[in-house]
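Peer 1: Pasting a structure below so you can have a look.
The values are calculated or read from the model by the stated rules, or taken from the named source; none is laboratory data. All values derive from a computational prediction rather than experimental measurement. Cβ sites come from the backbone with ideal geometry, for glycine too, and all protein chains shown count toward neighbours. The area values use the complete protein model at the heavy-atom level, side chains included, leaving out ligands, DNA and RNA. Shrake-Rupley method; radii C 1.70, N 1.55, O 1.52, S 1.80 Å.
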Amino acid sequence: MSDVAAVDNCDVVIRGDVIEAVAPDAAKNIDAATTIDADGRVVMPAFIDAHTHACWAGDRLDEWQARMQGASYLELLERGGGIMSTVRAVREATEAELTDLLVERLDRATAEGTTAIEIKSG
């Protein structure tokens, strides 16, 4: 892995399940069945999420507004918010509810290109 580097402005030629070439103009003389213009994006075989907390219930979206208006984390805790609000929501959720939420999050992650996920317990 010591020689891995980004390659700018190049073509990726794939036949079947095999990457045949990654180089500038590699597809110049190829009659491709499918061409994808990934201009301005990163092309990589997969994304690996080595640290995620994907199994939880509840949310703390209301806290964003309060934080943007200057509330401190301590103030949020005093109001019953902060990390303890989602801890309570997890404790109140059934195993089936947590499973459904987890599967939904994993489906979304894998649909967007993540191929390996290490899930941390909270």
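Peer 1: List every residue pair whose Cβ atoms lie under 7 Å apart, where the two residues are 6 or more positions apart in sequence or sit on different chains, the first residue falls within the stretch 65-89 and is at pLDDT 90 or above, and the second residue, located anywhere, is open to solvent by 80 Å² or more (accessible area, probe 1.4 Å) and not in a helix (DSSP H, G or I).
Peer 2: Thr86/Trp56
Peer 1: What's the total number of residues in the stretch 28-68 that are of a type in the set (Val, Ile, Thr) and in contact with a Phe, Trp or Tyr (Cβ under 9 Å, 6 or more places away or on another chain)?
Peer 2: Taking the stretch 28-68 as the starting set, the residues that turn out to be of a type in the set (Val, Ile, Thr) are 30, 34-36, 42-43, 48, 52.
Applying the additional criterion that residues be in contact with a Phe, Trp or Tyr (Cβ under 9 Å, 6 or more places away or on another chain) yields none.
Selection size over the stretch 28-68: 0.
Peer 1: Which one of Ala66, Ala93, Ala54 is surrounded by 12 or more Cβ atoms within 10 Å (Cβ to Cβ) and in contact with an Asp or Glu (Cβ under 8 Å, 6 or more places away or on another chain)? Before you say what the answer is, go through the steps one by one.
Peer 2: Details: Ala93 fails: in contact with an Asp or Glu (Cβ under 8 Å, 6 or more places away or on another chain); Ala54 fails: in contact with an Asp or Glu (Cβ under 8 Å, 6 or more places away or on another chain).
Unique residue meeting the criteria: Ala66.
Peer 1: Consider Ala46 against the criteria (1) open to solvent by less than 90 Å² (accessible area, probe 1.4 Å); (2) free of Cβ contacts under 8 Å to residues at least 60 places away in the same chain; (3) closer than 30 Å to Asp8 by Cβ: it satisfies all of them except one. Which criterion is unmet?
Peer 2: (2)
Peer 1: Now a separate question. Are there any pairs, at least 6 apart or on different chains, whose C-beta atoms fall under 8 Å, with the first in the stretch 25-39 and on the phi < 0 side of the Ramachandran plot and surrounded by 10 or more Cβ atoms within 10 Å (Cβ to Cβ) and the second in a loop (DSSP other than H, G, I, E, B) and at pLDDT 85 or above, and if so, which?
Peer 2: Pairs that qualify, where the first residue is on the phi < 0 side of the Ramachandran plot and surrounded by 10 or more Cβ atoms within 10 Å (Cβ to Cβ) and the partner is in a loop (DSSP other than H, G, I, E, B) and at pLDDT 85 or above, are Ala26/Cys10.
Peer 1: If a residue must be of a type in the set (Gly, Ala, Ser), modelled with pLDDT of 85 or more and farther than 27 Å from Val103 by Cβ, how many such residues does the stretch 34-64 contain? Before the answer, list the steps.
Peer 2: Of all residues in the stretch 34-64, those of a type in the set (Gly, Ala, Ser) come to 38, 40, 46, 50, 54, 57-58.
Of the ones still in play, those that are also modelled with pLDDT of 85 or more are 38, 50, 54, 57-58.
Now drop any that are not farther than 27 Å from Val103 by Cβ, which leaves 38.
The total comes to 1.
Peer 1: Given the structure, is Asp11 open to solvent by 100 Å² or more (accessible area, probe 1.4 Å) and at negative phi? Working first, answer last.
Peer 2: Values: open to solvent by 100 Å² or more (accessible area, probe 1.4 Å): no; at negative phi: yes.
Here the answer is no, as Asp11 does not meet what is asked.
Peer 1: For the subset of the stretch 96-122 comprising residues that are among the charged types (D, E, K, R) and open to solvent by 50 Å² or more (accessible area, probe 1.4 Å), which member is farthest from Ala50 (Cα to Cα)?
Peer 2: Residues of the stretch 96-122 that are among the charged types (D, E, K, R), as a first pass: 97, 100, 104-105, 107-108, 112, 118, 120.
Among the residues that remain, those that are also open to solvent by 50 Å² or more (accessible area, probe 1.4 Å) are: 97, 100, 104, 107-108, 112, 118, 120.
Values: Glu97: 24, Asp100: 21, Glu104: 18, Asp107: 17, Arg108: 16, Glu112: 16, Glu118: 5, Lys120: 9 Å.
Residue satisfying both the conditions and the ranking: Glu97.
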